[in-house]
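K.L.:
Questions regarding the structure given below will be posed in turn.
The values are calculated or read from the model by the stated rules, or taken from the named source; none is laboratory data. Quantities reported herein were computed from a predicted structural model and do not represent experimental measurements. Note that we place each Cβ from the backbone using ideal geometry, even for glycine, and neighbour counts take in every protein chain shown. Accessible surface is based on the protein model in full, side chains and every heavy atom, while ligands, DNA and RNA are left aside. Shrake-Rupley method; radii C 1.70, N 1.55, O 1.52, S 1.80 Å.
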Amino acid sequence: MQTQYRALNSPEGSAEFVSSVRKGLGEAGLVEGKDFTSRFSWARFNADLLAGLAADLVQRRAAVIIALDTVAAARAAKTASIATPIVFVVGTDPVQAGLVASLNRPGGNVTGISTMNLDLGSKWVGLLHDLLPIAKRFAVLVNIVNAESARSLITGTQTAALTIGVQIEFVFASIEEEIDAAFAGLGARSQGLIIHPDSLFTQYREKLAALAIREKLPALYSTRNFPEAGGLLSYGSSFLDAHRQAGRYAGRILKGEKPGELPVQRATKFDFVVNLKTAKALGLTIPETLLATADEVIQ
């Protein structure tokens, strides 16, 4: 049996996630090379390639396709086949995205995991506001190539900002070379930064953390590997755990279960991580009320 992986991003930025998928397959009782083989297809941040990659995997008669990271990747796989089992990992509501009919009974050939991180835009704005109550302008760094999730983030942050009277500036980067340009002078215009949950930004999290410190910008991302890399804050569910769950689902499908009968799993636990060393570098004092709610404080 052959398990096929496909993603919008690159192998360099997905090594941890692929490892987690393999861990999940192992937890399902499968051994790579004995029970299944793997093939990887990467769009390398070019969404126009997804349809062709999906069609190729279907032609190769994959036993299951695991669509990593984006709604676009999952949708391309679903469009390519109504028969090949598909397991997705996405950051938003898969029913609203049109991937499944319902969470409890997905139906058809598709199921998967939702981290729900893209529905946290209002929470992230609120956290920055709690940290910086007199700030009047926040920036949001977006990878517009990841269009579906970009729209969700833009809508969520704009709505929350209007409620508390904060302006939002959107800056964009779709490749590494555009990140520096997005940060140029950003600290002079904005008092805080929210970073789009996207594999490009996960891959370059150390660079983002360093640029945020250079610009004196308190920055927030969805996953804890950002403050671990020197960023200030993270709030969100675990991407690694989501990919492990996707591997377990793929294993159950390879053993004979039907994807349409496997409920979509949604994240229920969200971790808040604070890096006090970075706060000191930024000249910030984290309020005790925020520290009291943190799941981890990096000294």
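K.L.:
Nearest 10 degrees is fine. How inclined is helix 205-214 to the longest principal axis of the chain, computing both from alpha carbons?
P.N.:
10 degrees
K.L.:
Rounded to the nearest 5, what % of the DSSP beta bridges within the chain are antiparallel ones?
P.N.:
10 percent
K.L.:
If you put +1 on each Lys and Arg Cβ and -1 on each Asp and Glu Cβ, how big is the dipole of the chain around its Cα centre, in Debye rounded to 20?
P.N.:
500 debye
K.L.:
With unit charges on the beta carbons (Lys and Arg positive, Asp and Glu negative) and the dipole taken about the Cα centre of segment 102-257, which residue among ALA150, LEU120, ILE195 sits farthest to the positive side?
P.N.:
Sorting the options by dipole projection puts first LEU120.
K.L.:
Charges on Cβ only, +1 for Lys and Arg, -1 for Asp and Glu, centred on the Cα centroid of the chain; of LEU53, ALA67, LEU30, which one is farthest towards the dipole's positive end?
P.N.:
LEU30
K.L.:
Turning to a different aspect of this structure: With a 1.4 Å probe and all protein chains kept in place, how much accessible area does HIS129 have, in Å² rounded to the nearest 10?
P.N.:
50 Å²
K.L.:
What are the radius of gyration and Dmax of segment 149-271, computed over its Cα atoms and given in Å?
P.N.:
Radius of gyration, then largest Cα-Cα span, for segment 149-271: 17.4, 57 Å.
K.L.:
Just subtract the alpha-carbon distance of ARG214 and ASP295 from 0.36 nm times their residue separation and send over the number in nm, one decimal.
P.N.:
26.5 nm
K.L.:
Connecting C-alpha atoms closer than 10 Å in a GNM of the chain, tell me which of PRO133, PRO259, PRO218 has the biggest fluctuation.
P.N.:
PRO133
K.L.:
Taking springs between alpha-carbon atoms closer than 10 angstrom, which of GLY283, GLY26, GLY231 fluctuates most in the Gaussian network model of the chain?
P.N.:
GLY283
K.L.:
Pull out the extension gain between ARG60 and ARG266, defined as 0.36 nm times the separation in residues minus the alpha carbon to alpha carbon distance; nm, one decimal.
P.N.:
71.1 nm
K.L.:
Right, another one. Comparing ALA246, ALA212, ALA281, which has the greatest mean-square fluctuation in the GNM of the chain with Cα pairs linked when under 10 Å apart?
P.N.:
With Cα springs under 10 Å in the chain, the top fluctuation among ALA246, ALA212, ALA281 is at ALA281.
K.L.:
Moving on. Which FRET efficiency, nearest 0.05, do LYS136 and GLU228 yield, Cβ-Cβ r, R0 22 Å?
P.N.:
0.15
K.L.:
Same structure again: Within segment 15-36, what residues put their amide N at less than 20 Å from the label point 7 Å along the Cα-to-Cβ vector of LYS255?
P.N.:
Only 20-36 fall inside the zone, counting backbone N under 20 Å.
K.L.:
Nearest 500 deg cm²/dmol is fine: what mean residue ellipticity at 222 nm does the chain get from its DSSP H runs of n ≥ 4 alone, each adding -39,500 (n - 2.57), divided by its residue count?
P.N.:
It lands at -12000 deg cm²/dmol.
K.L.:
Another one. Just subtract the alpha-carbon distance of PHE172 and LYS277 from 0.36 nm times their residue separation and send over the number in nm, one decimal.
P.N.:
35.0 nm
K.L.:
Between segment 239-295 and segment 121-186, how far is it from one alpha carbon centroid to the other, in angstrom?
P.N.:
Comparing the Cα centres of segment 239-295 and segment 121-186, I get a distance of 20 Å.
K.L.:
Now, a different point. Let me see the P(r) profile for the chain: every Cα-Cα distance counted, bins of 10 Å, each bin given as a percent of all pairs.
P.N.:
It works out to 7, 29, 33, 20, 10, 1, in whole percents.
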